[in-house]
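Engineer: Before anything else, here's the structure in question.
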């Protein structure tokens, strides 16, 4: 994988969009530039969970400005992630097409626990090293991530469906701040947190807050003399009383308050108070690092052979008792077949490497569904890959692997419309299907086989020694059936005996 001297992370949060650019020196990151805009994407979700026009307009205008700053950076040096609002919006696919065209880089939608993992990485890199476990709380616009970890390793990760934009809209929609509305919002936050409190109880020694909500609450408490540093339970009580006295979000003229935080401050304070009460927190320090820093460190790890995705695949192979020798056989042959096809399709080096990674992971995990049942195991495998929490993988990554594994055998009816002839996806599906077919005996015979897979604009041709085809009638019959299946799906895949070998 390529290494880059400059990396960038884009965080499409439910409240703010953020851009972080950093210089890479050895194994360290040094910040170069940072941009942040309060897009408030969650505020644009209508009752049908559709992003409205104004919110999309704000988002695209912001991404256009980000594009100017990122211009010239290679695709592999930039990672863009979307969080809660884009996880729940029903028109996210339509919006992403516009967003990616405007930004100029692909955007991944990450699951809540993956967001929690990345937040933890960003936070711990900004704090002094300690030996005791920490509880990290990150209140975003649409979700709140809670993580316990020791050192650089997150151990318990959860994402709660509460955020400062969502709660402000729900409980303080008219801008009024009353004792009743604050109490109702805090109780709702506590009820949501109750679902994970038992899992977290007694497992941490220090509480740390990250992102804008924690920082602004800390600034207000300290500058008004309600806390010496960070956030305290007593300080939150005094802050809530002051907010009730102000009576309206527009009148929150408190020392340390930033104008752009006023529209979401009440919801953030209510959530923080609820979490303090439910987790039994007395004092919380506040970290500089957050999601975008975590994305940068995770991206750097991919170039230094610490790719979390590889670790996750290894862990899944153990969890689902995968036959590692069979996985290696299928993986090796699939990669050999695809590499030749990739060159024929004109895929550039960076793109070929990324496709090879996904094909490798799919091949390694293609039989995890056997842990459920042999019958239809490829469907079980695909379901697990599409729905499991897989640290390091975006939802798009998991969908791609799920599609590959689902198509490893059987009918290709569902393939029509999903991929185009001569595309990388077409080549990956064919390479995996052939690798599974050739390794049906679960022996090492295929390691010495040298099938040649040629791609052209009209389809694919597979060439094998004529003598091998004659001496392996079962596999030969299976290959002709494979050819028929592809033809039925509207693709050409022909098998040719090579008389010269």
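Throughout, read-outs are computed from the coordinates displayed, never taken from laboratory work. Source: prediction; values computed, not measured. Positions of Cβ are generated from backbone atoms using ideal geometry, with glycine treated the same way; all protein chains shown enter the neighbour counts.
Engineer: Mind pulling the angle between the C-alpha long axis of helix 262-279 and the longest principal axis of the chain? Nearest 10 degrees, somewhere in 0 to 90.
Structural biologist: Helix 262-279 sits roughly 80 degrees off the main axis of the chain.
Engineer: At what distance in nm do the modelled label points of residue 488 and residue 344 sit from each other, each positioned 7 Å from its Cα along Cα→Cβ?
Structural biologist: 2.4 nm
Engineer: Tilt of helix 179-200 relative to the longest C-alpha principal axis of the chain, in degrees (0 to 90, nearest 10)?
Structural biologist: 40 degrees
Engineer: Still on this structure, I have one more. Let a ≥ b ≥ c be the square roots of the eigenvalues of the Cα gyration tensor of region 72-147; is it rounded (a/c under 1.5), or, if not, prolate (a/b larger than b/c) or oblate?
Structural biologist: oblate
Engineer: Run the numbers on the chain and let me know its relative contact order in percent, using alpha-carbon pairs under 8 Å that are six or more apart. Mind dumping the intermediate values first?
Structural biologist: On the way: 927 pairs, mean separation 63.4, N = 501.
It comes to 13 percent, rounded to a whole number.
Engineer: How much of the DSSP bridge set in region 127-287 is antiparallel, in percent, rounded to the nearest 5?
Structural biologist: On the way: 16 of 24 bridges.
About 65 percent, rounded to the nearest 5.
Engineer: Taking a label point 7 Å from the Cα of residue 237 along the Cα→Cβ vector, which residues of region 151-192 have an amide N closer than 16 Å to it?
Structural biologist: 183
Engineer: So what are the three principal axis dimensions of region 307-446 from its Cα atoms, in whole Å, longest to shortest?
Structural biologist: Here the spans come out as 38, 34, 29 Å, largest first.
Engineer: Quick one: length gained pulling residue 251 to residue 98 fully straight, 0.36 nm per residue minus the C-alpha distance?
Structural biologist: 51.4 nm
Engineer: Still on this structure, please answer the following. Let me know the shape class of region 127-287, please: from the alpha-carbon gyration tensor, a ≥ b ≥ c as square roots of the eigenvalues, rounded when a/c is under 1.5, otherwise prolate if a/b is greater than b/c, or oblate. Don't skip to the end; give the middle numbers.
Structural biologist: Values: a/c = 2.00, a/b = 1.48, b/c = 1.35.
Verdict is prolate for region 127-287.
Engineer: Follow-up. Which parts of region 309-343 would a label at residue 388 reach, counting a residue when its backbone N lies under 14 Å from a point 7 Å out along Cα-to-Cβ?
Structural biologist: Zone members listed by number: 309-324.
Engineer: Among 383-394, 109-120, 367-378, how do they line up by average Cβ neighbours within 10 Å per residue, starting with the highest?
Structural biologist: Working: 383-394: 19.2, 109-120: 25.4, 367-378: 16.2.
Answer by packing, highest mean first, reads 109-120, 383-394, 367-378.
Engineer: Pull out the extension gain between residue 57 and residue 458, defined as 0.36 nm times the separation in residues minus the alpha carbon to alpha carbon distance; nm, one decimal. Intermediate values should be presented prior to the final figure.
Structural biologist: Working: separation 401, 0.36 × 401 = 144.36 nm, distance 4.10 nm.
Stretched fully, the residue 57-residue 458 segment lengthens by 140.3 nm.
Engineer: Hey, another quick one. Contour minus end-to-end for residue 244 and residue 199, with contour as 0.36 nm per residue of separation and end-to-end as the Cα-Cα distance?
Structural biologist: Gain on extension, residue 244 to residue 199, equals 12.8 nm.
Engineer: Between region 459-501 and region 51-83, what's the alpha-carbon centroid distance in Å?
Structural biologist: Here the answer is 46 Å between Cα centres.
Engineer: As a test, work out the antiparallel percent of DSSP beta bridges whose residues both lie in the chain, rounded to the nearest 5.
Structural biologist: Of the beta bridges lying entirely in the chain, close to 60 percent run antiparallel.
Engineer: While we're here: If you take the C-alpha gyration tensor of the chain, multiply each eigenvalue by 5 and take the square root, what semi-axes do you get, largest first, in whole Å? Each step should come with its number before you reach the end.
Structural biologist: Details: eigenvalues 492, 99, 84 Å².
Sorted largest first and rounded, they come to 50, 22, 20 Å.
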